[in-house]
1. Given the conditions (1) buried (at least 24 other Cβ atoms within 10 Å of the Cβ); (2) farther than 30 Å from LEU38 by Cα, and given that LEU312 satisfies all but one, which numbered condition is not satisfied?
2. If you go through the stretch 285-294 one residue at a time, do you hit one that is open to solvent by 20 Å² or more (accessible area, probe 1.4 Å), assigned to a strand (DSSP E or B), more than 23 Å from ALA413 (Cβ to Cβ) and touching a Leu at 6+ places or on another chain (Cβ under 9 Å)?
3. Can you tell me which of ALA62, ALA162 is within 30 Å of LEU181 (Cα to Cα), modelled with pLDDT of 95 or more and surrounded by fewer than 21 Cβ atoms within 10 Å (Cβ to Cβ)?
4. In the stretch 313-332, how many are more than 30 Å from PRO375 (Cβ to Cβ) and either among the hydroxyl-bearing types (Ser, Thr, Tyr) or in a helix (DSSP H, G or I) (or both)?
5. Could you check the stretch 253-270 and list, in sequence order, the residues that are in a loop (DSSP other than H, G, I, E, B) and within 23 Å of the chain's Cα centre (by Cα)?
6. Only one residue in VAL264, VAL270 is surrounded by fewer than 21 Cβ atoms within 10 Å (Cβ to Cβ), of a type outside the set (Phe, Trp, Tyr), within 30 Å of GLY235 (Cα to Cα) and out of contact with any His (no Cβ under 8 Å at 6 or more places or on another chain), so which one is that?
7. Going through GLY427, GLY415, GLY406 one at a time, which residue ends up being touching a residue at least 24 places away in the same chain (Cβ under 8 Å), of a type outside the set (Lys, Arg) and outside any helix (DSSP H, G or I)?
Amino acid sequence: MKGWKGMAAGAAALAVAVAGCGTSSSGSDSGSGDGKTLTVWLMDGSAPAALTDALHKEFQDAHPGVTVKYEVQKWGGIQEKLTTALTSNTPPDVIELGNTQTAKFAAEETLEDLSGDVSALGGDQWLAGLKDSLTWDGKSYGMPFYASNRTVIYRTDLFEAAGITAAPTTRDEWVAAIEKLKAANAADPDFQALYLPGQSWYALLSFIWDEGGDVAKQDGSAWTGALDTPQAKAGLDFYKKLVDVSGTKAPKDTDEATPQQMEVFGTGKVGMMIGLPWELAGAVKANPDLASKTAAFPIPSKTAGKTAPVFLGGSNLAIPAGSQNTDLAKDYLKLLSSKKYQDMLAEGGSVPGTSTDTAKLATNPVGKALAESAPNGKVTPTTPTWAAVEAGQNPLKDMLTAYLTGAKSLDQATGDANAALTKTLAG
């Protein structure tokens with residue numbers, strides 16, 4: 001959830017918060033009219049105002065007598081607010097929730113089962129990773145809204161000066177580019193070829209998945225850790241290789257938010273960072289000169305011709321089980337899933353949730369990298385207990401710091417983290 005909060009907060013520049021907060025829903029379930037109100041909760045920074053303005057006008061025009069009550073929510077405290085709203089007698093009719101939150105509310109039976117509506121909501125266009133995030137016990141409890149993923153953001157001018165003529169497409173080429181950047185900037189003691197904090201576990205996921213491993217495995221309804229497998233160990237070892245070869249000065253005991261890596265990249269002393277689009281936007285805002293000197297490429301795979309799998313951070317849209325306007329809510333989702341509004345999401349810099357057409361996204365180097373890597377995206381284990389992994393003493397973060405600092409061997413670090421992860425996933 002944390003990575004998604006950061007993405008949404010950064011994307012806020014694309015959207016305008018247009019309402020206060022509240023909980024209301026009125027009228028019996030019907031497809032149209034007669035003074036009904038459809039209450040929609042979307043999160044701050046999720047959709048450009050141009051999209052929501054057009055969407056709500058078109059929806060109201062198609063449903064005479066219906067008013068869309070659009071309320072923008074803040075990510076801070078949203079899980080508690082949703083918990084209260086979804087168990088009330090008057091929940092909102094459409095809600096946005098982070099894709100790592102969906103399983104929790106589905107398991108609590110507070111979301112409408114939309115399995116029979118998947119086709120009408122563009123289900124044949126959903127990315128596999130996004131579909132997994134809203135599937136619980138074999139049923140679909142929403143539709144994907146939009147997503148984003150990490151790419152390698154880099155300085156084009158520094159690449160050129162170091163003699164790097166093309167963006168890396170494999171891990172070996174990536175390491176070679178790091179070596180060239182270091183050599184070309186050896187006279188500057190503050191230069192970092194790659195800024196890589198010690199606890200960037202979302203980046204670690206890419207390396208583990210690229211090795212064919214995973215963080216956890218499912219056996220029936222139970223999940224257990226898989227961090228002690230050879231594949232997971234290989235992914236962790238590659239992370240350490242990047243840290244060692246780059247000589248990054250980033251702390252080994254914090255993640256990309258402490259300090260904010262976009263601020264470090266904005267100093268102009270960094271060649272690359274593994275980040276989200278909003279982080280580049282933040283760096284450019286602080287240092288406008290970077291606008292014409294940056295681009296991105298997908299996180300490279302160890303296998304030529306492929307990109308590494310990436311974590312798809314993003315949101316789903318769902319209908320509360322207690323909504324009094326279920327049919328209207330489904331019509332709202334159908335309209336939002338149409339190509340017109342999916343293209344608008346892509347134009348705003350997001351991976352569209354219900355369309356594989358990313359032409360509108362791939363109009364700049366960063367968007368192109370997102371579009372190339374998103375089809376190979378995945379999500380964390382779809383289980384209600386995963387939220388506790390991210391909110392608590394995250395075993396993946398502890399594992400990274402222990403191994404990178406030498407406090408534990410590879411086997412010790414992965415073994416201890418796996419035991420802690422298994423315990424947390426068991427609830």
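The values are calculated or read from the model by the stated rules, or taken from the named source; none is laboratory data. Everything quoted here is computed from the prediction, not taken from an experiment. Methodologically, a virtual Cβ is constructed for each residue, glycine included, from the backbone with ideal geometry; neighbour enumeration extends over all protein chains shown. The protein model used for the area step is the full one, side chains on, heavy atoms only, and it has no ligands, DNA or RNA in it. Shrake-Rupley method; radii C 1.70, N 1.55, O 1.52, S 1.80 Å.
1. Here LEU312 meets the rest and fails (2).
2. Yes, there is a match, as at least one residue in the stretch 285-294 is open to solvent by 20 Å² or more (accessible area, probe 1.4 Å), assigned to a strand (DSSP E or B), more than 23 Å from ALA413 (Cβ to Cβ) and touching a Leu at 6+ places or on another chain (Cβ under 9 Å).
3. Residue meeting the stated conditions: ALA162.
4. Of the residues in the stretch 313-332, 4 are more than 30 Å from PRO375 (Cβ to Cβ) and either among the hydroxyl-bearing types (Ser, Thr, Tyr) or in a helix (DSSP H, G or I) (or both).
5. ASP253, THR254, ASP255, GLU256, THR258, PRO259, GLY266
6. Every option except VAL264 fails the conditions.
7. GLY427
A quick yes/no check of all residues on (1) open to solvent by less than 50 Å² (accessible area, probe 1.4 Å); (2) touching a strand residue (DSSP E or B) at 6+ places or on another chain (Cβ under 8 Å):
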position	(1), (2)
GLU96	yes, yes
THR100	yes, no
ALA103	yes, yes
GLU108	no, no
ALA120	no, no
ASP124	no, no
LEU130	yes, yes
LEU134	yes, yes
PRO144	yes, yes
